[in-house]
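**Student:** Let me begin by handing over the structure; questions about it come next.
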Amino acid sequence: MIQIQQVLVKMKKEMDAAQAATNEERMRQHIAAIQTLCELVLDTTDGTNNQHYLQTQIKSNKMLTNPSKPSITTDDESSSDSLLDF
């Protein structure tokens, strides 16, 4: 079981990093990590494995803050941007 004191230390580090962030996106990432740590401490009623919960939350927060941009590739080497070129 994760001890609350360890989580509080991590929360303090994330808070310091959020305050030192130079742009809003980085600040939001640190705040999302703090939110996840808070949920980890408060979620004691369902008996889930807190470490697994933490890893899942961190992954989902990263996906929300760093959405991947889809890339469009073509099989041929056409240089036209027209949608009607086949």
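Residues are listed down the side, and each one gets a yes or a no for (1) hydroxyl-bearing (Ser, Thr, Tyr); (2) modelled with pLDDT under 65; (3) in contact with a strand residue (DSSP E or B) (Cβ under 8 Å, 6 or more places away or on another chain):
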residue	(1), (2), (3)
Ile4	no, no, no
Val9	no, no, no
His30	no, no, no
Leu42	no, no, no
Asp46	no, yes, no
Met63	no, yes, no
Ser68	yes, yes, no
Asp75	no, yes, no
Ser79	yes, yes, no
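**Student:** Considering only the range 9-19, how many residues are in contact (Cβ under 8 Å) with a residue 24 or more places away in the chain and not basic (Lys, Arg)?
**Tutor:** Here is the first cut: in the range 9-19, the ones in contact (Cβ under 8 Å) with a residue 24 or more places away in the chain are 10-11.
Still in the running and not basic (Lys, Arg): 11.
Result for the range 9-19: 1.
The values are calculated or read from the model by the stated rules, or taken from the named source; none is laboratory data. It should be emphasised that the depicted structure is a prediction, and the values quoted were computed from it without experimental measurement. Please note: Cβ atoms are built from the backbone with ideal geometry, for glycine as well, and neighbour counts cover all protein chains shown.
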